[in-house]
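FYI, it's all coordinate maths here, none of it is from the lab. No experiment lies behind these values; they were computed from the predicted model shown. Glycine gets a Cβ as well: all are built from the backbone with ideal geometry, and neighbour counts include every protein chain shown.
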Amino acid sequence: MAKIQVIQYPGLIKGATISPPCWKAQLTLRFKGLDYEVIDVILPAQIKKHNPRGRVPAIKDGGEIIVDSSDIITYLDKKYPEPPLDSKDPKERAMIRVLEDWADENLYFYAVYLRWLVPANFKRLKTCFFNEHYPPLVKIVAPAIARKEVGGRARTQGVALKGEAVVRKELYECFEAIDAMLEGQDYLVGSALSRADISVFAIIDQLSEERLTPDVRKEIDKFQNISQWRALMTEKAWGLSRAQSDS
Ligand SMILES: N[C@@H](CCC(=O)N[C@@H](CS)C(=O)NCC(=O)O)C(=O)O
């Protein structure tokens, strides 16, 4: 059987990705123990070849192409139901949805801000990502073009209208909230790992990348419940396909 393919932005190491929604798609495949390969794309034209919406991630499974990380989880959870990533309990399911949406539409934009709009971190992004993956001339212009595009989206969402101190305060309060949710339990909702954990973890894990946002990593490390949860999530996610990010 052909492997599932994940079309994604590359990462700092082979097989990884710099994009939280792409990481969310990969994590889903890992938790489900599904074999997959990644197809790295960097330019808008390459992305559009796979997804006319011009966004990553997209996955290809046999003849099917699915785009958008939430729709990817829904598809995979239906087609490969074990282990399930949703709850049977309607109240838990509702909370799982709310947390996934919060991660995608709120936490994600804080991550965008901290990576792209904080000058010291943007410099790191240029060194670790653009210099590594982009061809010689393109890498000179691509960071500024991408920053303008990403910044525009962050302004439309609202986060880029705020000052850095406010953004940091709000994000660190989100860490406090996540830590409080994890008090006395292994996972965010109920007793099993769900798509809420995957969605929130995809962002927290990426913000823990010391080469890009060492300032945020320091904050995350202050929270004991989050640290334990990160260790558990990492163990579950890498159980099957560690080789993919280590090779
Ligand atoms: N809500 C979407 C977000 C997808 C998204 O915005 N992906 C970004 C990468 S993190 C992208 O494709 N950017 C390419 C571009 O805008 O040209 C999801 O969860 O899949």
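Here's the picture: charge each Lys and Arg Cβ at +1 and each Asp and Glu Cβ at -1 in region 90-238, and of Trp116, Ile145, Ala180 the one pushed furthest to the positive end of that dipole is Ile145. Residues Met233, Met95, arranged from fewest to most other Cβ atoms within 10 angstrom of their Cβ, appear as Met95, Met233.
Across all Cα pairs in region 90-238, the calculated P(r) in 10 Å bins from zero up to the longest distance comes to 11, 38, 33, 16, 3, 0 percent per bin.
The calculated FRET efficiency for the pair Cys128 and Glu37, based on their C-beta separation and a Förster distance of 22 Å, comes to about 0.45. Under a model in which nothing but the beta-carbon of Lys, Arg (+1) and Asp, Glu (-1) is charged, the chain shows a dipole of about 1000 debye around its Cα centre. Enclosing the Cα atoms of region 44-93 in their convex hull gives a volume equal to 85 cubic angstrom per residue. Packing, taken as the mean count of other beta carbons within 10 Å per residue, orders the peptides 193-200, 59-66 from highest to lowest as 193-200, 59-66. Between the residues Phe130, Ala154, Leu99, the greatest Cα displacement towards the positive end of the dipole of the chain, with unit charges on the Cβ of Lys, Arg, Asp and Glu, is found for Phe130. Pairs exceeding 25 Å between alpha-carbon atoms, taken from Lys60/Lys218; Lys24/Lys78; Lys14/Lys60: Lys60/Lys218.
Close amide-amide hydrogen proximity is noted between Ser19 and Tyr9, each under 5 Å apart and 5 or more residues distant or on a separate chain (H modeled in the peptide plane; Pro and chain starts excluded).
Taking the centroid of alpha carbons for each part, region 50-112 and region 165-197 are 18 Å apart. Evaluating 6.51 cos²θ - 1.76 cosθ + 1.60 at θ = phi - 60° for every residue in region 167-174, the Karplus couplings come out as 4, 4, 4, 5, 5, 5, 5, 5 Hz, glycine and proline recorded as x. Taking all Cα-Cα distances within region 1-152, those exceeding 26 Å account for 31%.
Using θ = phi - 60° in the Karplus curve 6.51 cos²θ - 1.76 cosθ + 1.60, the 3J(HN,Hα) couplings for region 142-155 round to 4, x, 5, 5, 5, 5, 5, 5, 5, x, x, 5, 5, 6 Hz; x is entered for Gly and Pro.
Please give the calculated 222 nm ellipticity per residue for the chain, where each DSSP H segment of at least 4 residues contributes -39500 (n - 2.57) and the sum is spread over every residue; nearest 500 deg cm²/dmol? Present the calculation step by step, with values, prior to reporting the outcome.
Numbers: 12 runs with 133 residues, N = 247.
Taken over the chain, the calculation gives -16500 deg cm²/dmol.
The residue among Val6, Pro90, Gln26 whose Cα reaches farthest toward the positive pole of the charge dipole of the chain, with charges on the beta-carbon of Lys, Arg, Asp and Glu, is Val6.
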